[in-house]
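The values are calculated or read from the model by the stated rules, or taken from the named source; none is laboratory data. Please read all numbers here as calculations on a predicted model, not as lab measurements. Cβ: placed from backbone, ideal geometry, glycine included. Neighbour counts: every protein chain shown. Side chains included, ligands, DNA and RNA excluded: accessible areas come from the protein's heavy atoms. Shrake-Rupley method; radii C 1.70, N 1.55, O 1.52, S 1.80 Å.
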Amino acid sequence: VQLVESGGGLVQSGGSLRLSCAASGNTFTINAMGWYRQAPGKQRELVAGVTFGTEETNYADSVKGRFTISRDNAKNTMYLQMNSLKPEDTAVYYCHARRTLIYSDKEVDYDYWGQGTQVTVSS
């Protein structure tokens with residue numbers, strides 16, 4: 001699975017951006033995708049995630065009500081709509097996908113990451 005992010009950039013506080021993540025390769029076994037971010041000197045954290053099939057979503061408390069995760073299955077693309085951006089949202093945003101393969105006696109998860117896209121919010 002290959003993941004390519006786009007849509008990052010520089011925006012003023014209160015502005016909006018939409019990130020995209022295009023997946024290719026063995027996408028038919030992906031069962032979950034999400035967006036993570038990492039700010040300088042901080043650990044990578046989950047921003048939003050979506051479980052395929054149920055389409056259940058989850059968000060970090062810090063972005064609830066401002067960010068929306070969605071996906072277009074036909075295009076194998078996931079999005080993150082970010083509104084009311086704040087300077088503390090500044091980070092490199094990474095796309096993540098998980099495949100779960102079922103073998104005769106176990107399930108194995110495989111994790112994939114995009115290269116990251118920079119989001120900078122100025123005050």
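In nm, to one decimal, how far is the modelled label at Phe52 from the one at Ser122, with both set 7 Å along Cα→Cβ?
Between Phe52 and Ser122, the label points sit 4.0 nm apart.
Probe of 1.4 angstrom, ligands and nucleic acids ignored: what's the accessible area per residue over the chain, in square angstrom?
About 55 Å² of surface per residue is accessible.
With a cut-off of 8 Å between alpha carbons and a minimum separation of six or more residues, what is the relative contact order of the chain in percent?
Here the relative contact order equals 35 percent.
With N residues in the chain, what two-decimal value do you get for its Cα radius of gyration over 2.2 N^0.38 Å?
The chain yields a ratio of 1.07.
Just in the stretch 51-98: which trypsin sites (Lys or Arg not before Pro) are loop by DSSP and have at most 14 other Cβ atoms within 10 Å?
Lys64
Whenever you get a sec, compute what percent of the accessible area on the chain sits on carbon and sulfur atoms (1.4 Å probe).
47 percent
Expressed in nm to one decimal, what extension gain is obtained for the pair Gln38 and Arg18 from 0.36 nm per residue of sequence separation less their Cα-Cα distance?
Going from the current span to full extension adds 5.5 nm.
Over the stretch 51-117, how many percent of alpha carbon pairs lie in each 10 Å bin up to the one with the longest distance?
15, 43, 30, 10, 2
Hey, can you grab everything whose amide H is under 5 Å from the amide H of Gly15? Only 5+ residues off in sequence or another chain; H modelled, so Pro and N-termini drop out.
It is Leu85, by chain and number.
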